[in-house]
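So the structure is just underneath, and the comments pick up after that.
The values are calculated or read from the model by the stated rules, or taken from the named source; none is laboratory data. These numbers were taken from a predicted model, which means no experiment stands behind them. Note: ideal-geometry Cβ built from the backbone for every residue, glycine included; neighbour counts use all protein chains shown. Ligands, DNA and RNA are excluded from the accessible area calculation, which covers all protein heavy atoms including side chains. Shrake-Rupley method; radii C 1.70, N 1.55, O 1.52, S 1.80 Å.
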Amino acid sequence: MGLLTAPAGAAEQQPQPVTAGALPTPQTNGIVLSMAIVGDTVYAGGHFSKARPAGVSPGGAGEVNRDNLLAFDIRTGQLLDWSPSVTSTAFESSADPGPLCDSLGENRWRCDTVFNVTAAPDESRVYVGGDFDRINDRWRSRVASFGAADRTLVDGFDPTVAGRVRALSVTEDTVYMGGAFDSVDGADRTRLGAVSTTGELLPWNPTVDATVHSISAVPEQRRTLIGGAFDNVNGQSHSALMAVDDTTGANVSWQWQAPTPEDVVTDIDTDGNGRAYFGAYNWNADGAVRFEGRGAVRVDNGATVWMDGCYGDTQSVAVSEGVVYAASHTHSCAALGAFPEDGSIDYQRLSAESTAVAGTAAANPNHVTEGDPVPALLPWLPNTNGGPADSPWENGTWAIEADSDYVVVGGEFTTVNGTRQQSLTRFAARSVPEAVNNGPQVPFRAPDVRRQWPSGDVTIEWTGTWDAQNRAIRYEVVRVGESEPIHTVTKESWPWSLPTMRFTDTQAPDGSTEYWIRAVDADGAAIGSPRGSTDW
């Protein structure tokens, strides 16, 4: 029984996530850190040098060169020809700059990872930020822009940023940047800065004391939200998440406070209705109270809408159709009555929650206290592995984006739903003809079948299964040799909460009789159990 106390009728009001069966998608030989959906095209950036079709092993047929950027068709999953050369100037250092840089030997390194891919509001351009300093052999210092129509590098947009760009947010006339830099075009800019969409430096100049991971400009409210590892904004104490004026960069009114100073907000998305949704990790991870899950706040004042209280770092969030999709390694969500530590799922690396409050927590787990508002956990449970065994993170999923028809996921994973697939995958809404259902799950064990004495009636008892995209499953009891079920019952379940059911067949024939159970979800996906039989 979960801890979530939901209002009457809440289940009927909940939005429906996309299906949980993965569609064929290109793969890379590395890690995808960011994506943007522009029309029917997905632009993906990260740290990789090769791309290949779905189902192909590294080095196999169809593998091609891709330098930290690629594009594919969101409808077909076909890799597109776009192949810009993204690189950087080699440098010497006795200190290792980190796993997203390449060693060239003898204390020489190259850092050219793409950390962020963002589309302009009118989708006319695609902006990228990272460590690179050249694209197609043209100087582009850690930020660049491509025309979406012809996918060519935009002339004239060439700001010089002195340090890593991790975050971008673009409005009609402004490109907001965040990261680990200290100047833009030679002017002091402490991890935050802005240029016009034509590339000129703007006076926006807030300061923070540690890396910025995410920016979300909300021009209709004259605010820009910033998330990251900082503890101070413009010299005032504000940890992990804050809002500043989108023109002056000055601090604005803000209520939300991070549960601990070690919390780091990694990603922010908005829904166009005055709310922002965000995910985080905690770099200390030793305390019982820490922010690693998801939260929602009002953009105009930072007032908390809900916090989910989950453990497990969240790398990325995406909001669409009333659903907050997350790339994380979620576990122990006691405030939602979900993912217990002793459950059947170790880490859930893809999940979905409602944007709206769906109830209140009935206990005091993590930073959520009894009576606090919480979202609904929604039935969307595809999963990936954590990635290569030599990964320094083994986070699996790192980036997620969504529109009304598709959810696309990037990361370092090498399997999706147990099938080999590296670094990219996609899922479709039920309205998309190619959508793949991922329904009732195995193992689904044989029923326990016993004949009663002296009546001869047969009692069939079984434990249900769970479904990756539906809560409710219809169970059909089938007597072997007959085409129609002799009994049906519908029950809801989660992987950590499986129902036990029983039916007595009062019309059972004499002699040894076999039965099996069919599990069918609302989308028609079905599996059958092995047979169980009487012994007389």
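Points worth noting:
- Put a dot 7 Å past the Cα of R445, heading toward its Cβ, do the same for S103, and the two dots end up 4.8 nm apart.
- Lys/Arg +1, Asp/Glu -1 at C-beta; the chain dipole; positive extreme among G532, V520, S316: G532
- Think of a 1.4 Å ball rolled over the protein heavy atoms: the range 270-309 then has 35 Å² of accessible area per residue.
- Förster-model FRET efficiency, 51 Å R0, T247 and E321, C-beta, rounded to 0.05: 0.95
- Accessible area in square angstrom per residue, the range 473-536, 1.4 angstrom probe: 53 Å²
- Contact order, relative form, for the range 387-536: 21 percent (alpha carbon pairs under 8 Å, 6 or more residues apart, mean separation divided by residue count).
- Backbone amide hydrogens, once placed in the peptide plane, bring Q421 within less than 5 Å of T415, V416, excluding anything fewer than 5 places away on its chain.
- Overall, the accessible surface of the chain at a probe of 1.4 angstrom is composed of carbon and sulfur to the extent of 44 percent.
- Surrounding net charge for F181, when Lys and Arg each add one and Asp and Glu each subtract one, Cβ distance under 9 Å: +3
- Here the chain is assigned +1 on the Cβ of each Lys and Arg and -1 on the Cβ of each Asp and Glu. Its dipole about the Cα centre then comes out at about 540 debye.
- When the charge dipole of the chain is built from unit charges on Cβ atoms (+1 for Lys and Arg, -1 for Asp and Glu) and taken about the Cα centre, the candidate among G147, T425, Q236 whose Cα reaches farthest toward its positive end is T425.
- Radius 12 Å from Cβ of F413, net charge of other residues (Lys, Arg +1; Asp, Glu -1): 0
- Entry comment: accessible area of the range 7-146 is 41 Å² per residue, from protein heavy atoms only and a probe of 1.4 Å.
- Once you divide the Cα radius of gyration of the range 103-206 by 2.2 N^0.38 Å, the number left is 1.04.
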